[in-house]
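Report on the following structure.
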Amino acid sequence: MSQQHVRIVDLSETPHNTRRGGDLRAMLTPTAVGATSGFMGLATVAPGDRIGEHYHPYSEEFVYVVAGELEVDLDGEPHPLRPDQGLMIPAYMRHRFRNVGRSEARLVFHLGPLAPSPELGHVDTEETPASGAEGAGEHERPVGAAS
């Protein structure tokens, strides 16, 4: 039986990523916990802010809304998203999240499987104003991958 390492990750330990709008925090990643099938995190979106349109060529994205009122555009078509609702976004589907409410929106996201390399995992399809690009990107290098 192999020895497995278990690590609890606190949100406060997770770098901010605001390059695409909102605040994306990739918490359970290959780098942080040795994940091999995908990664999970939390996105926070202020009222009136958005996470810019993009798609994932290798991964499905699973989203669960914890708080706030969002609209998600899926291939250009808007859909409301409310607390306690989940959504699976297929690979290659363009999507953008917009906070249409008066309070902060919070959504948990999981992407899997991992792309062959981090730079291939996410494709932006629109410009978003950088609001202080900080921290590591949401696509971290898988454990054991070449730099």
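Name the residue that is surrounded by the most Cβ atoms within 10 Å (Cβ to Cβ), counting only residues in region 1-35 that are touching a helix residue (DSSP H, G or I) at 6+ places or on another chain (Cβ under 7 Å) and at pLDDT 95 or above.
Arg25
Which residues, counting only those in region 99-110, are among the small types (Gly, Ala, Ser) and within 17 Å of the chain's Cα centre (by Cα)?
Correct list: Ala105 only.
Mind listing just one residue for me: the one in region 111-120 that is at pLDDT 95 or above and surrounded by 15 or more Cβ atoms within 10 Å (Cβ to Cβ) and, of those, nearest to the chain's Cα centre (by Cα)?
Out of the qualifying residues, it is Leu111.
Of all residues in region 60-76, count the ones that are over 18 Å from Leu42 (Cα atoms) and either open to solvent by 20 Å² or more (accessible area, probe 1.4 Å) or of a type in the set (S, T, N, Q) (or both).
Residues meeting the conditions: 3.
Counting just the residues of region 40-53 that are of a type outside the set (A, V, I, L, M) and open to solvent by 10 Å² or more (accessible area, probe 1.4 Å), which one comes out nearest to the chain's Cα centre (by Cα)?
Checked region 40-53; the qualifying residue nearest to the chain's Cα centre (by Cα) is Thr44.
With the structure loaded, tell me whether Pro57 is under 20 Å from Thr128 (Cβ atoms), in contact with a helix residue (DSSP H, G or I) (Cβ under 9 Å, 6 or more places away or on another chain) and surrounded by fewer than 15 Cβ atoms within 10 Å (Cβ to Cβ) or whether it fails that test.
Answer is yes for this residue.
Please go through region 93-125 and give me each residue that is outside any loop (DSSP other than H, G, I, E, B) and either under 15 Å from Tyr55 (Cα atoms) or in contact with a helix residue (DSSP H, G or I) (Cβ under 7 Å, 6 or more places away or on another chain) (or both), ordered by number.
If the condition is that a residue be outside any loop (DSSP other than H, G, I, E, B) and either under 15 Å from Tyr55 (Cα atoms) or in contact with a helix residue (DSSP H, G or I) (Cβ under 7 Å, 6 or more places away or on another chain) (or both), then His95, Arg96, Phe97, Phe109, His110, Leu111, Gly112, Pro118, Glu119, Leu120, Val123, Asp124 are the ones that fit.
Just name the residue that is farthest from Glu127 (Cα to Cα) out of those in region 54-98 that are acidic (Asp, Glu) and more than 14 Å from the chain's Cα centre (by Cα).
Asp84
Return the residue satisfying two criteria in turn: it lies in region 77-110 and is without any contact (Cβ under 8 Å) to a residue 60 or more places away in the chain and basic (Lys, Arg), and of such residues it is least open to solvent (accessible area, probe 1.4 Å).
Result: Arg96.
The values are calculated or read from the model by the stated rules, or taken from the named source; none is laboratory data. These numbers were taken from a predicted model, which means no experiment stands behind them. We place every Cβ from the backbone using ideal geometry, glycine too, and count neighbours over all the protein chains shown. These area figures cover heavy atoms from the full protein model, side chains too; ligands, DNA and RNA do not enter into them. Shrake-Rupley method; radii C 1.70, N 1.55, O 1.52, S 1.80 Å.
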